[in-house]
Amino acid sequence: MSAESTPDIPGNSHRKPRRRRGLMVAAWVAGGILVLGGTGAGYLYFKLNGNIKSVDIDQALGTDRPAKVDNGSENILVLGSDSRSGSNKKLGGGTDDGSARSDTAMIVHVYEGHKKAGVVSIPRDTLVDRPACTDARGVTHDAANGVMFNSAYTTGGAACAVKTVESITNLRMDHYLEVDFSGFEKLIDELGGVRVTTTKAISDKDSHLDLAAGTHTLNGQQALGLVRTRHGVGDGSDLGRIQLQQAFIKALVNQVGSIGLFTSPTKLYDLANTATKAVTTDSDLGSVNSLMSFANGLKGISSSNMTMVTMPVQYDPANPNRVIIAETKAAQVWTALKTDQPIPKTATEGTATGEANGVVAAS
């Protein structure tokens, strides 16, 4: 059954409950964490600590990592995961084989001064050389050449995903944030939905999404369908989906500032409860106090101060369903982030795009 958007008619506040369909993790980071950070710690009760799961990335990876750069910036690896088991089986589809997949991956670079950010999406279908890594349980996994990027998470969880990203970029990941599919739809619904404008109709039976061209207030199911669709827009690739994800993040960040959370302690607590249950962090962020401090450092970043790009790639000549890193172009991105400089426009010129830019915009 396709989901129809809630039309923007004055006084129309009724929404029917929807089945959960997926996750856009970066939206939580760019939006949900800003909500938590922007409202003061008074409403975030100590018992929320028990909701947060954490992974000791530093212990798992040891010292064989890129050096920390002491220039006031931070790099955060943000992943969306889908275990394909339990409640997630209904959301992500696919076979319940007990494994987990990272459907969304972004490097969020917070510049010195914490007033702007650069976000680099890593296509999950990118072919990479995955380094040997040790997961959080102490199990060592062998290196592999020419495998999909998201196999790192499937193989060794958060630690191997971080290790692979650091190997690709030679950038130290200062923090790690992961959100599971099963918590995010509720978070969007508790935020009151997200208002976007689509410049053309989007119909994709795989993501259960059916939107006419125009302005919509998307509920949780619809928002997740939007950021998961790939066949309904552009060239049908994962790159087109990334362009929709990036537009959705900006729409959510724009909307966060207009939500009346200050006047509703109950609403704020419900939101915090949902968000902390959905998130897994590195051990340094594994408490409400740490997350609050981190979020307070991000709340000054508006959507207009977010530069969002996709890691420079080209379609694999041997398999159009896979992409390979455009190494020279990608080096421009990693150098810019390492030196805390803006990502140059030349870094993404002439690379594969997915052809879905402009299909969705913030309203």
Exercise. If you plug each phi of region 160-167 into the Karplus form 6.51 cos²θ - 1.76 cosθ + 1.60 with θ = phi - 60°, what whole-Hz ³J(HN,Hα) values come out, in order, with x for Gly and Pro?
Worked result: 6, 5, 4, 4, 5, 5, 5, 5
Problem set entry | Proximal charge balance of Asp340 [Cβ under 14 Å; K/R count +1, D/E count -1] | +1
For this session: Find the percent of Cα-Cα distances in region 119-166 that exceed 16 Å, and round it to a whole number.
Result: 27 percent
Problem set entry | Virtual spin-label span in nm between Ser302 and Gln341, 7 Å along Cα→Cβ | 2.7 nm
For this session: Quote the FRET efficiency, to the nearest 0.05, computed for Asn170 versus Lys53 with a Förster distance R0 of 41 Å and r equal to the Cβ-Cβ distance.
Result: 0.90
Exercise. When Lys and Arg each count +1 and Asp and Glu each count -1, what net charge do the other residues less than 11 Å away from Pro320, Cβ to Cβ, add up to?
Worked result: -2
Exercise. Put a dot 7 Å past each Cα toward the Cβ at Asn357 and Asp316; how far apart are the dots in nm?
Worked result: 2.5 nm
Exercise. Fully extended, how many nm does the chain gain between Ala144 and Asp64 (0.36 nm per residue separation, minus their Cα-Cα distance)?
Worked result: 27.0 nm
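Only the coordinates and a few stated rules stand behind these numbers; no lab work does. No experiment lies behind these values; they were computed from the predicted model shown. Note: ideal-geometry Cβ built from the backbone for every residue, glycine included; neighbour counts use all protein chains shown.
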